[in-house]
Amino acid sequence: MVDPGTPTFAHRWLAGGLFALGAGLAANSLLGPLLLDVIRYHYSTTLINQGIGLDAVALFGAVPVSVAAGLLLLRGHRAGPLLAFVPTSFTAYMAPQYVVGPDYVGLPGNNEQFFLLHLGLFILAVVLMFGAWQGIDRSRLQPATRRDDRWRSLVLFGVAAFILLGRWLPGLIDLVGGNPANADYVENPTAYLLIGVLDLGLVVPAALAGAAALLRGVGWARTAAYAVIGWFALVPASVAAMAIAMQVNGDPNAGVADVVVFSVAAVVFTAGAVLLYRPAFAAPRVGPGSDRSPAGPRDLGLS
């Protein structure tokens with residue numbers, strides 16, 4: 001069901017930015033190893049296979065969501081800024097890996113020639129992410145209960161636990177042991193450590209801070225929950241797509257177990273994102289405790 005309204009100037013520029021972001025992501029995916037191979041990254045065979053999976057999720061996931069969010073913003077729909085978190089957080093997370101991750105000295109490639117494209121995607125994504133945060137109209141969102149906040153906090157704790165314990169704990173043990181043998185690290189240590197910084201230095205702290213804030217009823221916590229859960233709507237799917245691409249292309253570092261684990265994680269986390277975002281598409285309710293009745297910040301759908 002729709003919730004039409006009058007788009008503001010901020011909504012219109014945010015929509016235009018999302019259309020530009022979708023076009024940039026589509027161009028990057030089509031020019032990369034997924035199809036045309038015009039952009040050749042200084043990556044090992046394993047990371048090139050992973051890049052194919054990443055580009056597929058960007059093209060068939062992030063691009064349509066970016067366009068959909070832009071169209072919703074032009075209609076004045078309250079879900080527009082919320083949905084914008086999905087492609088913007090995805091791009092802000094992935095773009096640095098295109099620039100910083102490659103082995104420019106040891107492996108052939110030409111992706112430095114596309115530095116401005118990747119830099120532009122990163123800057124645009126960050127700007128639009130802040131614009132989405134500011135563009136949320138809390139008065140038009142469905143109310144949320146303290147029970148909803150506790151459920152969301154558990155989801156965020158689950159995200160942090162999966163990344164820290166399921167994805168990085170074995171790698172951290174390997175790294176600090178003094179003689180790293182992890183295949184991803186050995187083949188391209190720069191890319192491996194960059195992803196570690198992004199996951200452990202940004203995503204895990206953000207998820208833990210959001211979860212703790214939700215339990216305490218802090219005002220910004222619900223907005224943060226949308227941002228973090230918007231991130232894992234596509235990023236776990238991209239990790240699963242990387243594992244699948246490696247398996248399909250006969251990569252020696254591929255494993256069926258990785259395909260299964262990451263695919264299950266992608267389904268679980270994406271489903272969680274859908275459940276969180278679903279109320280934003282429902283018709284607003286009027287009555288006691290609704291977003292149109294007098295209520296404190298803790299009774300609104302976002303704060």
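The values are calculated or read from the model by the stated rules, or taken from the named source; none is laboratory data. It should be emphasised that the depicted structure is a prediction, and the values quoted were computed from it without experimental measurement. Note: ideal-geometry Cβ built from the backbone for every residue, glycine included; neighbour counts use all protein chains shown.
Some notes on this structure:
- Residues located in segment 84-123, provided they are among the charged types (D, E, K, R) and surrounded by 17 or more Cβ atoms within 10 Å (Cβ to Cβ): Asp103
- Enumeration of residues in segment 129-148 that are at pLDDT below 85 and either surrounded by 15 or more Cβ atoms within 10 Å (Cβ to Cβ) or within 21 Å of Ala69 (Cβ to Cβ) (or both): Ile136, Asp137, Arg138, Ser139, Arg140, Leu141, Gln142, Pro143, Ala144, Asp148
- Residue in segment 43-66 that is in contact with a helix residue (DSSP H, G or I) (Cβ under 6 Å, 6 or more places away or on another chain), charged (D, E, K, R) and either without any contact (Cβ under 8 Å) to a residue 60 or more places away in the chain or part of a helix (DSSP H, G or I) (or both) present: yes
- Any chance Gly53 is farther than 27 Å from Leu194 by Cα, under 17 Å from the mean Cα position of the chain (by Cα) and either among the small types (Gly, Ala, Ser) or buried (at least 18 other Cβ atoms within 10 Å of the Cβ) (or both): no
- Condition met for Val126 (touching a helix residue (DSSP H, G or I) at 6+ places or on another chain (Cβ under 7 Å), surrounded by fewer than 18 Cβ atoms within 10 Å (Cβ to Cβ), of a type in the set (Val, Ile, Thr) and without any contact (Cβ under 8 Å) to a residue 40 or more places away in the chain): yes
- So Leu71, is it within 21 Å of the chain's Cα centre (by Cα), assigned to a helix (DSSP H, G or I) and buried (at least 24 other Cβ atoms within 10 Å of the Cβ): no
- Filtered residues of segment 201-225 (kept if of a type in the set (Lys, Arg) and either in contact with a Gly (Cβ under 7 Å, 6 or more places away or on another chain) or in contact (Cβ under 8 Å) with a residue 40 or more places away in the chain (or both)): Arg222
- Residue within segment 81-100 that is closer than 18 Å to Leu124 by Cα, over 17 Å from the mean Cα position of the chain (by Cα) and touching a residue at least 40 places away in the same chain (Cβ under 8 Å) present: yes
- Across segment 70-113, the number of residues qualifying as acidic (Asp, Glu) and out of contact with any helix residue (DSSP H, G or I) (no Cβ under 8 Å at 6 or more places or on another chain) comes to 1.
- Filter result for Phe262 (under 27 Å from the mean Cα position of the chain (by Cα), modelled with pLDDT of 90 or more, of a type outside the set (A, V, I, L, M) and surrounded by 18 or more Cβ atoms within 10 Å (Cβ to Cβ)): yes
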